[in-house]
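The values are calculated or read from the model by the stated rules, or taken from the named source; none is laboratory data. Treat the numbers as computed from the prediction; the structure is a model and nothing was measured. Counting neighbours? That spans all protein chains shown, and the Cβs are built from the backbone with ideal geometry, glycine included.
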Amino acid sequence: MMLLVGGDSEIGAATYRHLKGQGRPVCATTRRRDRVAPDRPLLDLAASLDDWQPPPDTRAACIFVAIARLAACAVDPVGSARVNVTQTLALVERLMARNIHVLFLSTNQVFDGTMPHVQPDAPTCPVSDYGRQKARVEAALRDHMRRGASVAILRLGKVVSPAMALIEDWIDALAAGRTIEAFHDMPLAPTPIDLTAAAIGALLEDRLSGVYQLTGPRDVSYADIGRFLAGHLDVDPNLVREVSALDAGLPKGATPRHTTLDSSALRERYGLEPPDIWAIIEPMIAVRTGVR
């Protein structure tokens, strides 16, 4: 049995569908009582874990749950750290005590973004509260790994679904001749959500220890995406108004120079390689406009 802690999240739900589609035994926790079912056990990571037990026969678990918005962590670093660090590590301890392999989802935010394609063994150097919280958990997990624990870390960058609301809204606006605003100083190197789910499923199935990473091969800015959309839609490029994320008051860490991580380990072991960003965006345009 594979346990997904945080089945209400977008990536958690996608991984659940992926594993179900493969015929794997899987259950995914929910914190919503109206969603509880035999394969959707209740777990609220903000609550006490004293009486919580993982489902019987659980062999491997992936932790999706986190307060992941940079702004939320910056506004409430203590409250967010209780979930992202204290409760997460308490959950890890409970799982490891039952010989359950643990896969922890981390982030490119554990680095400062000054270098592209960061290696998995590079020292962490976060600048955001969210990144610092993830780095604290990573440090504890690496200590467990050094003692032989069955634990793994998977760092992710931006994960996108085929129906990314922002891109759909931009396509609609540009097609209608309306102006959009796009940050020129916020990069992303996206990974399709289905590929992310496949990576998580493979790591859970093999119960591999170590640090793994998965991002797209290169960074582009949101303004780059806006210009790409305008070109494909054959509309006035001046409809894309470039603005600054810093000037908009986004929290520290929101505008790194780079978000790419070295993803060669997953490529070499499983053949998992994120496509170039334009290969992700073009199908979105085709679906939204009906032009293929």
_Selection within segment 206-220 - over 23 Å from HIS101 (Cα atoms) and in a loop (DSSP other than H, G, I, E, B)_ = THR215, GLY216, PRO217, ARG218, ASP219
*Pick out the one residue from ARG267, ARG241 that is closer than 30 Å to VAL127 by Cβ, in contact with an Asp or Glu (Cβ under 6 Å, 6 or more places away or on another chain) and in a strand (DSSP E or B).*
ARG241
*Would you be able to say whether some residue in segment 249-260 is at pLDDT 95 or above, surrounded by fewer than 17 Cβ atoms within 10 Å (Cβ to Cβ), of a type outside the set (A, V, I, L, M, F, W, C) and touching a Pro at 6+ places or on another chain (Cβ under 9 Å)?*
yes
*So is ALA13 closer than 18 Å to LEU105 by Cα, assigned by TED's automatic domain parsing to the domain that holds ALA152 and in contact (Cβ under 8 Å) with a residue 40 or more places away in the chain or not?*
no
*Would you be able to say whether some residue in segment 140-152 is farther than 27 Å from ALA28 by Cα and touching a residue at least 24 places away in the same chain (Cβ under 8 Å)?*
no
*asked:* Of all residues being free of Cβ contacts under 8 Å to residues at least 60 places away in the same chain and within 18 Å of LEU203 (Cα to Cα) in segment 270-292, which is surrounded by the fewest Cβ atoms within 10 Å (Cβ to Cβ)? Just the residue, please.
replied: GLY271
*Some residue of segment 258-274 being more than 30 Å from ALA28 (Cα to Cα) and not basic (Lys, Arg)*: yes
*For segment 6-17, which residues satisfy the criterion of being over 14 Å from the mean Cα position of the chain (by Cα) and crowded, with 20+ Cβ neighbours inside 10 Å?*
TYR16
*Scan segment 226-238 and report the pairs whose first residue is free of Cβ contacts under 8 Å to residues at least 24 places away in the same chain and under 19 Å from ASP185 (Cα atoms) and whose second residue is hydrophobic (A, V, I, L, M, F, W, C) and part of a helix (DSSP H, G or I), with Cβ atoms within less than 7 Å and a gap of 6+ or a chain change.*
PRO237/ALA230
*Given (1) without any contact (Cβ under 8 Å) to a residue 24 or more places away in the chain; (2) surrounded by 15 or more Cβ atoms within 10 Å (Cβ to Cβ); (3) out of contact with any Asp or Glu (no Cβ under 7 Å at 6 or more places or on another chain), index of the condition ARG33 fails*: (2)
